[in-house]
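The values are calculated or read from the model by the stated rules, or taken from the named source; none is laboratory data. Just so it is clear, the model here is predicted, and its values are computed rather than measured. FYI the Cβ positions are ideal-geometry reconstructions off the backbone, even for glycines, and counts take in every protein chain you see. What goes into the accessible areas is simple: the full protein's heavy atoms, side chains included, and nothing from ligands, DNA or RNA. Shrake-Rupley method; radii C 1.70, N 1.55, O 1.52, S 1.80 Å.
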Amino acid sequence: MSRSGDVNTPTREFPEYPDGTPDPAGPATPPAESGGRRRGLLGLAAIVGLVVVLLLSTQAAGLLPSWRNPFAQQETDRTQPPVLQSIQDLSRFVAAEGNYQVVVDLEQDRRYVPDFLLNERTLFVGVGTVEAYVDFGQIGEEAISTSEDGLSAQIELPAPQLTDADLDLDNSYVFAEERGLLNRLGEVFGGDPNRRQQVYQLAEDRIAAVARESGIAGRAEENTRKMLTGLLRSLGYEEVSVTFVTP
């Protein structure tokens, strides 16, 4: 037990913890050595700052190559050079061109299967063109006749034809796309790179069908007739007759 006289007596200082009384022997590190170390650290910091400023200045002046992010995305083009397969001489006179837009809404699902599991629906806005042309290569010598006085000419031409729809992928785009959970999993483990080819083909078929109903062939006949009439009249023919024959 503690003695009653020692209850209010402060605990004595341990030898390891000084009580604030200066050590007669002085500090362990001389003040001169501590000040020199501080001056050395300040000098090192000044040198590092100077180097950083010099690097930034040379970078801004363009004396050093630009710093690049080592994890930046890179693009590598491994496309093979084009190979010429064939050359075909054309004798077509393109007399009219139609520009069309169609919205394709294509959905593929399974009966009795919820759409959130297995469903694929695509809304595609397709923009394409169809040309109406007259094939002058089919014109024979008997298709052109002139009068004895050389003042009139009669020409028979084949009826205008329509080219296949040319889908403009730069201006066409997918407006919306819905896919079920199983469809998305299939895409992760090996999707179909040509899955949109069916949408493109359907858009081209719809544009071609609209072109046939839009009267572009009649516009091609009118433009061809105007072109030949103006050309032959400049050669001295006063009357020019252009007719179109359907093969």
Calculate one ³J(HN,Hα) per residue across segment 224-236 by plugging θ = phi - 60° into the Karplus curve 6.51 cos²θ - 1.76 cosθ + 1.60, and present them in order as whole Hz with x for glycine and proline.
5, 5, 5, 5, 5, 5, x, 5, 6, 5, 5, 8, x
I'd like the accessible area for R37, computed on protein heavy atoms only with a 1.4 Å probe and all protein chains in place. Round to 10 Å², please.
150
Using a 1.4 angstrom probe with every protein chain in place, what is the largest-first accessible-area order of L167, L202, L44?
L44, L202, L167
Under the 7 Å Cα-to-Cβ spin-label approximation, V125 and S234 lie apart by a distance in nanometres of 4.2
Extended-chain gain in nm, criterion 0.36 nm per residue less alpha-carbon gap, S86 and I144
17.7 nm
Would you list E120, E97, E75, E131 from the most to the least accessible area, probe 1.4 Å?
E75, E97, E131, E120
Just to make sure I understand: if all protein chains stay in place, what is the order of F124, F93 by accessible area at 1.4 Å, largest first?
F93, F124
